[in-house]
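The numbers here are math on the coordinates, done by the rules we state, and not lab data. Just so we're clear, the structure is a prediction, and the values are computed from it rather than from any experiment. Cβ placement follows ideal geometry from the backbone for every residue including glycine, while neighbour counts extend to all protein chains displayed.
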Amino acid sequence: MILKKKNLKRNLIYMLFVLFFLLLNNEIFSLPSESFVNLKYVEKEIKAGIDFKWEIDEIVISKNGRQIKIFLNFPYIISDEYQKKIDIPPFSDGGAIFISQYTFEQLVQLLNEEIKQSSEVLQKEIKEQKKQEVAQETVIQPQITKIIDIKEEKKIVVKENSVIKKEPTIEVLPTSTNQIKKQIRILVFDPGHGGNDPGAIGPNGVQEKDIVLDITLRIIKYLKKENFKIYLTRDDDNFISLKGRAIFANEKNADLFISIHCNASRDRGAQGIRTYIYNRVASSREAAEAAKLENKNVGVFEMLLNDLRKSAFEYLSIEAAGNIQHSLVKNLRLKWTPTERAPFYVLANTNMPSVLVEAAFISNPQEEKKLNDNDFREKIAQSISEGIIEYFSRLK
Ligand SMILES: [Zn+2]
């Protein structure tokens, strides 16, 4: 009996040792149906230089003067003369980047051999892929509540722990004859995150999703007397994908899309309010980080395709953002900061002038406290609504 116990103990120690050894050698690991290769192993095996551009999730692999780019969560290998779709996009896990066995083989082949496939054929492949993506998009129906008008003010209670309770009193009112005469503007408000996505969380636990929903509901309170038809991408604590939000705004044919978020930075001292419009290249490092944080796992190339289309709305987006920023800076007595530009997914994919407001840094303890304060959120909401009214009054 004693001997058996000893054996059991020895076996356990042996198993732990094997497990530890396996963890140390995590260069290659397998999922049930697929093998993945750690990019560090690629560096050693192919003897290629690997350069990361974290702001745009791009990885440049170079050898003998040839450069090949791969992208986190984007299924293409791209070089100057070559674009190839791969089976599974590169992904990061536990601080390391993994590529599929297939991608690995393609890289080895590309870096060591002549390029055989003509780029024309591959361009066609990409076009077909795009067609598929468009077809998929039309199928998606986000669960979004439609709001046409609000009968009475919503009572929003923000407790100290920032849980928001509200009375759902949204009703559709008959359109008055006066409203028909005036031009009705369609606004889509997009409070970020929701449901199982809390957004950024402050050092004292305040969650971005609660703050931005509350601010949005306060904004529409100011706008209901104006000639606006207002829709929200969410009016409760539900998760909606970035794609779903953009599709919703496009379906509504909005005149202006306004996304509301809170900023977060590794720098605890970062502070202030920012307004953003879309640009493929971020206007600052901070802007790049903000977009990366909000975009989560959306592939950067999904946005690049929208550059041309989006440029048509650039002027109006600048105007709208400028009016909102001016109003915020004036009312909250902030130091002037110009409108920033960054590749936010929801801005890139909405076919209309669009603005994203980062209302203070939730990562900054002082600003987190402010964001948790009713009066501060009310002021932000009032300022944003004034900026929107000013923007449309100038358009007339
Ligand atoms: Zn956010």
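For the reader, a short list of remarks on this structure follows.
- Out-of-range pairs (alpha-carbon distance over 23 Å; input Lys221/Lys379; Lys243/Lys330; Lys229/Lys370; Lys296/Lys335; Lys225/Lys369): Lys243/Lys330; Lys229/Lys370; Lys296/Lys335; Lys225/Lys369
- Treating r as the C-beta distance of Lys330 and Ser92 and R0 as 41 Å, the FRET efficiency rounds to 0.45.
- Each label point was placed 7 Å from the Cα along the Cα-to-Cβ direction; for Ala312 and Ser283 their separation is 2.4 nm.
- Cut-off 11 Å between beta-carbons: net charge of the residues surrounding Tyr276, Lys and Arg +1, Asp and Glu -1: -2
- Residues with amide H under 5 Å from that of Ser265, placed H, sequence gap 5 or more: Ser363
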